[in-house]
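What follows draws every value from the coordinates through simple rules; no lab data is involved. A quick note: this is a predicted structure, and the numbers were derived from the prediction, not measured. All Cβ positions, glycine included, derive from the backbone under ideal geometry; neighbour counts span all protein chains shown.
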Amino acid sequence: MLAVVPLSASTPDEDNVVPLMERVADWQLAHPKAKETPDGWVNGALYTGIMALARDSASPRFHNAMMKMADANQWQLAARPYHADDHVVGQTYLDLYLQHREPRMLAPTQQRCDFILAHPKDDNLNFDEKLNPDRLDRWSWCDALFMAPPTWARLAKATGNPAYLEFAVRNWWVTSEYLYDKEDHLYRRDSSLFGKNERNGRRIFWSRGNGWVMAGLVRMLELLPADHPARARFEQQYREMAVAVLACQQEDGFWRSSLLDPASYKMQETSGTGFYCYAFAWGLNHGLLDRARFEPAVRRAWAALASCVTAEGKLTHVQPIGFTPVTFDPESTEPFGVGAFLLAGSEVRRLGR
């Protein structure tokens, strides 16, 4: 049974947003996904949202849950040295380090990134495994832009060493040049979708994939200095994508799993919607988006997301793990979808402040 929690006409605040975030986070922490490692990307994306909630909640239980997780992982990134998915947990480690400044929280992530700087890979982003067996050692799929660059940017902040930020910036634009469509202002998920179209003839642009990118843009912009030479370029891409994504929002507040062919995928979908709600609300809170144009979209999106939370706190309508638009069980949930929901709530509650 869904517990619909509508967004009121007034500015949302912690009286209605934070309790809902807490309920969703509590449910997810009590129902970990079987067979997903605690240092992998599925959970790593969740942790970014738990950390956002920990800043907003009066209860220490969310911060304590992240400390317990990190201690159990011995503050280690996941196993694959170059794989972006195995870096995302580092965002939480580094956010905790920036609070506590204990060297054990920093050292493993810094050692991994130092290894990569000393042993860089080439720029071959072709996603065909036969032609490019090492394709996953580069940021060759758009999801990677959420997983890895914000970890590197946080490491730069934690250490004061700009080399980590410059690595993230340089490689972001390598991926962008390859996957970003300069006409539609959206990202293809990877090169396997080049030249492929939806049933309506439009290019295939996966909602959650572009959601990963927009959330990654936000998490880079949070840490890019105002006078950084690449700042204007990041802001330009953020604004371009925001306009393109806004045009794809449906009347019910959701984005469908296919941005340009929603009629072929009519199911409501909360992971992409969560990331867009987060990215738009952050842009409003930081003066990057026009309030009259984008705030109604954020309000519709949050109301849509809230309508997919059950009385127990389960977030439904999350497209399962994948890389293209698909249909799926509407009762589906995933930890990364909860992460997107919590990130969205953390910015929605600040609207108008």
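Just how large is the dipole of the chain about the Cα centre, in debye to the nearest 20, putting +1 at every Lys and Arg Cβ and -1 at every Asp and Glu Cβ? Can you show the working numbers first?
Details: 39 positive and 43 negative charges, 40 e Å.
The dipole magnitude comes to about 200 debye.
Mind ranking 53-61, 146-154, 15-23, 299-307 by how tightly packed they are, going by the mean number of other C-beta atoms within 10 angstrom, highest first?
146-154, 299-307, 15-23, 53-61
Give me the net charge for the shell around MET267: Cβ to Cβ below 14 angstrom, other residues only, Lys and Arg +1, Asp and Glu -1. Present the calculation step by step, with values, prior to reporting the outcome.
Details: positive: ARG208, ARG256, LYS266; negative: ASP252, ASP261, GLU269, ASP329, GLU331.
Overall, the nearby charge balance is -2.
Under a point-charge model restricted to the Cβ atoms of Lys and Arg (+1) and Asp and Glu (-1), what is the dipole moment magnitude of segment 131-183 relative to its Cα centre, in debye to the nearest 20?
For segment 131-183, the charge dipole is close to 240 debye.
Using the C-alpha gyration tensor of the chain, what are the square roots of 5 times its eigenvalues, in whole angstrom, with the largest one first?
The three semi-axes for the chain are 28, 25, 20 Å.
For segment 175-242, compute Rh as the Kirkwood radius over C-alpha pairs and then the Stokes-Einstein diffusion coefficient at 4 °C and 1.567 mPa s; write the answer in µm²/s, rounded to an integer.
100
Restricting attention to segment 117-153, which trypsin sites (Lys or Arg not before Pro) occupy a DSSP loop and are surrounded by at most 10 other Cβ atoms within 10 Å?
LYS130
Mind listing the long-range amide H neighbours of ARG203? Cut-off is under 5 Å, sequence gap 5 or more, other chains count too, H placed in the peptide plane at 1.01 Å from N.
GLU198
Which links in LYS68/LYS314; LYS35/LYS130; LYS33/LYS196; LYS266/LYS314 stretch past 24 Å when you go from one Cα to the other? Write out the running numbers ahead of the final one.
Working: LYS68/LYS314 22 Å; LYS35/LYS130 28 Å; LYS33/LYS196 33 Å; LYS266/LYS314 21 Å.
Pairs exceeding 24 Å: LYS35/LYS130; LYS33/LYS196.
Lys/Arg Cβ at +1, Asp/Glu Cβ at -1, dipole of the chain taken about the Cα centre: which of GLY40, ALA148, PHE328 is farthest positive-ward?
ALA148
Just the Cα atoms of segment 217-314: what Rg and Dmax do they give in Å?
Taking only Cα atoms of segment 217-314, I get Rg and Dmax of 14.6, 47 Å.
Using only the Cα atoms, work out Rg/Rh for segment 100-250, with Rh taken as the Kirkwood radius, to two decimals.
1.00
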